[in-house]
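A quick write-up on the structure given underneath.
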Amino acid sequence: MPTQLKYNTSVGKNTDVALIVRADQATALAELSPEEAGYVQRQLEAEAKIIALNRYTQRVYVVVAADAKTENAAREALRQAGYTLLKQLKADKVEELAIVDRTNSQASLYLAEGVYLSNYQFQKYKTKNSKPSPLQTIILADENVSEQDVTELQNVLDAVAITRDLVNEPNSHQSATQLSEQLEELGRAAGFKTEVLDELQIQSLKMGGLLAVNQGSEEPPTFNILEWKPEGAKNSKPYVLVGKGVVYDTGGLSLKPTPQSMDYMKSDMAGAAAVAGVLYALAKNNVPLHVIVLIPATDNRPGGKAYSPGDVITMHNGMSVEVLNTDAEGRLILADALSFAQRYKPELVIDMATLTGAAARAIGKEGLVAMSNAGEEVMGALKKTGEEVHERIVEFPLWEEYKKHIESDIADIKNLGGAEAGAISAGVFLEYFTNYPWVHFDIAGTAYLLGEDSYRGKLATGSGVRLVYNYLSSLAK
């Protein structure tokens, strides 16, 4: 069950509390006795950042706000402090925590964010030795934030948790059809519409990329159209989000080597999960924007009818593609979805995909790779939002010369470039299927982690949800 956020400026005497303070005010808090102030002073001299006081009927945690060079760095330090604080809360078996900000800066929102995301667990399939976190409720007792702020944060963080759940779900319990059922359930919970196209409908749309990738599978593909269109939407042309929904990727006949390269490929639908998570948060928060989500979904397997290296396929927009590697499948299903998006005459299209190992190798787990034809204003706003939520963006170029990387001898283009600039050639491939402002996010390095990384956790991270939600919601204000 997700952690519950509540807004209440009145804190009970027996409620465990975290006090956010600056170092220079920590010993002067009215809440502390002289003895406690002395203890806090000694801890500060030892450079402690979180100081725990046990009053037996109440625990008090003094969280020292970091001296940061920028406001964004200060917010990220608070999220990181939330991760550290949660370890102490678990050790103390704290079930309910109130956060009181004494820095007059809405710091409680960012500490709560770090605690919530660090408290996420996926224990659905554990039958033994599961250890649910005791923390159930976080109370924001902060007069600098509103109840609406807290509700909005709850819905966004719930969306991150839902995204993580979808990505962590194993393929044994998540075929393309099952993913569509989960998306329909999500739509009912949040209030957005969901339409699922079956294989016959996909064939009628001539989505050759999605159909080719699915050929080796015993499970049919789906194409999912999710729509949030509230009354009074501020945009006349919709924003469209596209997510790669490869529910499991063996590489097809271009089989991935193991171990590890295939072991975690249930995560290859992290882009699909992220865009669904964004729409969930937009709908739950009743953001007045018309937004459509497109998710092509299939697995990629080397069955008897599997598509082969050397094949030529015809895409939804009529272009021919020479397949040189069946493990470069994500761009094929995304291309059909991007082409389909043209019918909406969109204001902007953003796609999210665990697309290339090249992106992960280029910048690691520290940032998202982006490519765009949408112009400096759009990318500038996205980069600014990325800094604010600490989902930072590195933009790669789409220079004309890169088109040579995917020139084919026998078709319009091929689905694989050379060893160099692999992430970029994938982006260039996608650009062929756009005729509108477009941003591509390659989240291969950030979506799924094999080691714990602070509040992002281990395994699915929900990468991109807070970034794209905050960007879109800012457009509605």
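The values are calculated or read from the model by the stated rules, or taken from the named source; none is laboratory data. Model, not experiment: these values are computed from the prediction. Every residue, glycine as well, gets a Cβ built from its backbone with ideal geometry; the counts of neighbours run over all protein chains shown.
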Restrict the check to the range 441-463 and report whether at least one residue is closer than 23 Å to Trp399 by Cβ, over 16 Å from the mean Cα position of the chain (by Cα), modelled with pLDDT of 95 or more and not β-branched (Val, Ile, Thr). no
For the range 424-460: of the residues being touching a Lys or Arg at 6+ places or on another chain (Cβ under 7 Å) and of a type in the set (Ser, Thr, Tyr), which is nearest to Gln260 (Cα to Cα)? Thr446
Could you tell me whether the range 118-127 includes any residue that is in the same structural domain as Lys87 (by TED's automatic domain parsing), surrounded by fewer than 22 Cβ atoms within 10 Å (Cβ to Cβ) and small (Gly, Ala, Ser)? no
Here the residues within the range 1-60 that are in a strand (DSSP E or B) and of a type in the set (Lys, Arg) are Lys6, Arg59
Condition first: in contact with a helix residue (DSSP H, G or I) (Cβ under 9 Å, 6 or more places away or on another chain), modelled with pLDDT of 95 or more and surrounded by fewer than 23 Cβ atoms within 10 Å (Cβ to Cβ). Can you find one or more residues in the range 268-279 that meet it? no
Let me confirm something: among Gln43, Gln25, which residue is modelled with pLDDT under 90 and assigned by TED's automatic domain parsing to the domain that holds Gln80? Gln25
For the range 159-196, name all the residues that are in a helix (DSSP H, G or I), surrounded by fewer than 20 Cβ atoms within 10 Å (Cβ to Cβ) and of a type in the set (Val, Ile, Thr). Thr177
Is the range 327-336 home to any residue that is in the same structural domain as Val439 (by TED's automatic domain parsing), farther than 22 Å from Ile443 by Cα and either surrounded by fewer than 22 Cβ atoms within 10 Å (Cβ to Cβ) or under 21 Å from the mean Cα position of the chain (by Cα) (or both)? no
Within the range 107-158, how many residues are closer than 14 Å to Val63 by Cβ, touching a residue at least 40 places away in the same chain (Cβ under 8 Å) and not acidic (Asp, Glu)? 11
It is to be established whether one or more residues within the range 197-206 are touching a residue at least 40 places away in the same chain (Cβ under 8 Å), buried (at least 18 other Cβ atoms within 10 Å of the Cβ) and not basic (Lys, Arg). no
What single numbered condition from (1) surrounded by fewer than 20 Cβ atoms within 10 Å (Cβ to Cβ); (2) outside any strand (DSSP E or B) fails to hold for Val394? (2)
Considering each of Pro257, Pro220 in turn, give the residue that is surrounded by fewer than 15 Cβ atoms within 10 Å (Cβ to Cβ) and either modelled with pLDDT of 95 or more or not in a strand (DSSP E or B) (or both). Pro257
Qualifying positions in the range 216-273 - of a type in the set (A, V, I, L, M), farther than 26 Å from Lys206 by Cα and in contact with a Gly (Cβ under 9 Å, 6 or more places away or on another chain): Met262, Met265
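So that you can scan it fast, the table gives a plain yes or no per residue for (1) outside any loop (DSSP other than H, G, I, E, B); (2) of a type in the set (Lys, Arg); (3) over 26 Å from the mean Cα position of the chain (by Cα):
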| site | (1), (2), (3) |
| --- | --- |
| Met352 | yes, no, no |
| Lys384 | yes, yes, no |
| Glu388 | yes, no, no |
| Gly417 | no, no, yes |
| Phe429 | yes, no, no |
Would you please list the contacts, defined by Cβ atoms under 6 Å and residues six or more apart or on different chains, that run from a residue in the range 414-442 that is farther than 15 Å from Gly375 by Cα and hydroxyl-bearing (Ser, Thr, Tyr) to a residue that is surrounded by 20 or more Cβ atoms within 10 Å (Cβ to Cβ) and modelled with pLDDT under 95? none
Conditions (1) within 22 Å of Leu109 (Cα to Cα); (2) without any contact (Cβ under 8 Å) to a residue 24 or more places away in the chain; (3) not acidic (Asp, Glu) -> Tyr56 fails only (1)
